[in-house]
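**Q** Here it is, the structure, as structure tokens.
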Amino acid sequence: MTFNGWVQIALFCVVVLLLTRPIGGYLDAVMAGRRTLLSPLLVPVERGFHRLAGIKPDEDQSWWLYCRDMLIFHIAGFVLLYLLLRLQGLLPFNPQDMAAVAPDLAGNTAVSFVTNTNWQAYGGEATMSYLSQMMGLAVQNYLSAATGIALAVALVRGFARANARGIGNFWADLVRVTLYVLLPACIVLTLFYVWQGVPQNLSGYVEATTLEGAKQTIAQGPVASQLAIKMLGTNGGGFFNANSAHPYENPTALSNLVQMLTIFVIGAALTNVFGRAVGDERQGWAILAAMGVLFLVGVYVAYWAEAGGNPLIAALGVDNAAGNMEGKEVRFGAPLSALFAVITTAASCGAVISMHDSFMPLGGMIPLINILLGEIIVGGVGAGLYGMLLFAVLAIFLAGLMVGRTPEYVGKKIEAREVKFTMLAILAPPLAILGFTAIATVVPAGLAGPSNAGPHGFSEILYAYTSAAGNNGSAFAGLSANSIFYNGTLAVGMLLGRFAMIVPMLAVAGTLAGKRKAAASVGTFPTHGPLFVGLLVGAILIVGGLTFLPALALGPIAEHYALLAGTLY
């Protein structure tokens, strides 16, 4: 590990912290319907949308109505995207004459983008027309991200409100996030990426002649506009198969830094929204501190593992001074590759600048653990906050059991109903991850996917279902997942990971909103200090360890010890 590497990591962390409070203040104002700098321009547009769709923004919905409308919206989005992919061969803006996407792949892709997963079992530039990229994938990038933020704010309202029957209006929340947050930011980011050299056109692909005289097809297209929302919305679906490792998606060191920052800024800022909503910003900083502890430990381990290099390569007499450079680009090297890998899996993004399949066993285990813990280390936009708040409910409940007192969190008593719904939400992703991994490791269709045998092959399968149920979308890149078996099972995993968590989470929001606020007393456990941060981190690690340690022991941990013994398996 080098001083320069740590300076780059520290720079990223400092900028995120500096942006958290101002962006949090803006998000809080937007979601509360208060005036912002963009209000003179966008309020008439917002009202026009409301009139056109028949939305009454001040009409509160119960948690069930909020949930119902959200599910209906996503079902419609899935159907429209599926039909677009199946019919793309007949539609315009298809300069390479892309054929219709196969039914199982179209279904998997539609589920993937609707759930904010953006798992890609295809090469974007070789499979998707420009219309599919723009009208299908990019649109869902906006809407799935906006839904995540709206859901997080709905849970925040549950903690902030007292004796309330509603948690907001789904349609109004969706319009506000899209119109005031995602669209303006992405317009600016798109122009920035074009300035950096990212293509934004509708031109046909270019045929070039290489130095050897061979022909090479250079893909074009509306890349910058999709790049902007894939990062800001923590979607991660690349226009190109190589994702942000492709020079057209990530041409400079500055574009790389901005991409990392945009992955984190909204998720971090939402913790400040929570603090403002409950009347104590320290509560938000405590949540962010717990996220930060887990993030920094992950960065350290991943960087240490990659900087140390591969002992098998060193044994051959090859210079290992630059670290493990397999699967990495020399522009980024071990420090930024490790940092980006931890960011993209901590934030449920899925974009990559290096191949996680080529990481050292312990280096690759960190991205896997980040997703296994529930995508709560900043997490996807919105999803990270509501996932972490559910763990906060669990941590406070455990603390209450230890002292024999009814637990309270930000003035709300945590009782049996909230804990039951919380556990349903927390246990849904592990059910999908471990259940489908077990099936895939014994049936021929599942075993046909991994390109490696032994522990690494097991890790490839485990990572795929972890990425799907965690709605991350990144992959170990060694799994051939474009098959009926994997397209089907991964799609089910994505649905369970997203909606089997959202529904009970909204139920928690509804029950909390209806409760009165309890005044703090001498016996109230403070939830804005180091003790609470430690308790929260401990609860997350205990739940994650008890659930997933056996699977990790069969995969990356076993591979690590095999590597130390001088063998691949």
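The values are calculated or read from the model by the stated rules, or taken from the named source; none is laboratory data. It should be emphasised that the depicted structure is a prediction, and the values quoted were computed from it without experimental measurement. Cβ sites come from the backbone with ideal geometry, for glycine too, and all protein chains shown count toward neighbours.
**Q** Being within 26 Å of the chain's Cα centre (by Cα) and of a type in the set (D, E, K, R) is the filter here; which residues of the range 402-453 pass it?
**A** The answer is E418, K420.
**Q** Being outside any helix (DSSP H, G or I), closer than 25 Å to R47 by Cα and out of contact with any Phe, Trp or Tyr (no Cβ under 9 Å at 6 or more places or on another chain) is the filter here; which residues of the range 167-203 pass it?
**A** Scanning the range 167-203 gives no hits.
**Q** Also, I was wondering about something else. Here are the criteria: (1) over 19 Å from the mean Cα position of the chain (by Cα); (2) surrounded by 21 or more Cβ atoms within 10 Å (Cβ to Cβ); (3) closer than 30 Å to K517 by Cβ. Tell me which single one A334 does not satisfy.
**A** Every listed condition holds for A334 apart from (3).
**Q** I'd like to verify a number: residues in the range 404-435 that are over 16 Å from M505 (Cβ atoms), free of Cβ contacts under 8 Å to residues at least 12 places away in the same chain and of a type outside the set (D, E, K, R), how many?
**A** Result for the range 404-435: 4.
**Q** Related question: When you go through (1) touching a residue at least 40 places away in the same chain (Cβ under 8 Å); (2) in a helix (DSSP H, G or I) one by one for A164, which number turns out not to apply?
**A** (2)
**Q** Additional query: Yes or no: the range 490-510 includes at least one residue that is over 22 Å from A106 (Cα atoms) and in contact with an Asp or Glu (Cβ under 6 Å, 6 or more places away or on another chain).
**A** There is at least one residue in the range 490-510 that is over 22 Å from A106 (Cα atoms) and in contact with an Asp or Glu (Cβ under 6 Å, 6 or more places away or on another chain).
**Q** Here's something else I'd like to know. State whether one or more residues within the range 519-542 are under 30 Å from P311 (Cα atoms), modelled with pLDDT under 95, outside any loop (DSSP other than H, G, I, E, B) and within 26 Å of the chain's Cα centre (by Cα).
**A** yes
**Q** Another question, if that's okay. Kindly provide the set of residues from the range 3-42 that are exposed (fewer than 14 other Cβ atoms within 10 Å of the Cβ) and either polar (S, T, N, Q) or in contact with a Ser or Thr (Cβ under 6 Å, 6 or more places away or on another chain) (or both), ordered by number.
**A** Result: N4, single match.
**Q** Also: What number of residues within the range 103-122 satisfy the criterion of being more than 12 Å from L137 (Cα to Cα), aliphatic (A, V, I, L, M) and assigned to a helix (DSSP H, G or I)?
**A** The number of residues fulfilling the criteria is 1.
**Q** Answer yes or no as to whether T511 is in a helix (DSSP H, G or I), at pLDDT 90 or above, out of contact with any Phe, Trp or Tyr (no Cβ under 8 Å at 6 or more places or on another chain) and hydroxyl-bearing (S, T, Y).
**A** no
**Q** Within the set of pairs 6 or more residues apart or between chains, which connect a residue that is within 29 Å of L38 (Cβ to Cβ) and touching a residue at least 24 places away in the same chain (Cβ under 8 Å) inside the range 7-25 to a residue that is in a helix (DSSP H, G or I) and among the basic types (K, R) with Cβ atoms less than 7 Å apart?
**A** G24/R276
**Q** May I ask you to list the residues in the range 542-569 that are under 16 Å from I426 (Cβ atoms) and without any contact (Cβ under 8 Å) to a residue 60 or more places away in the chain?
**A** I542, G545, L546
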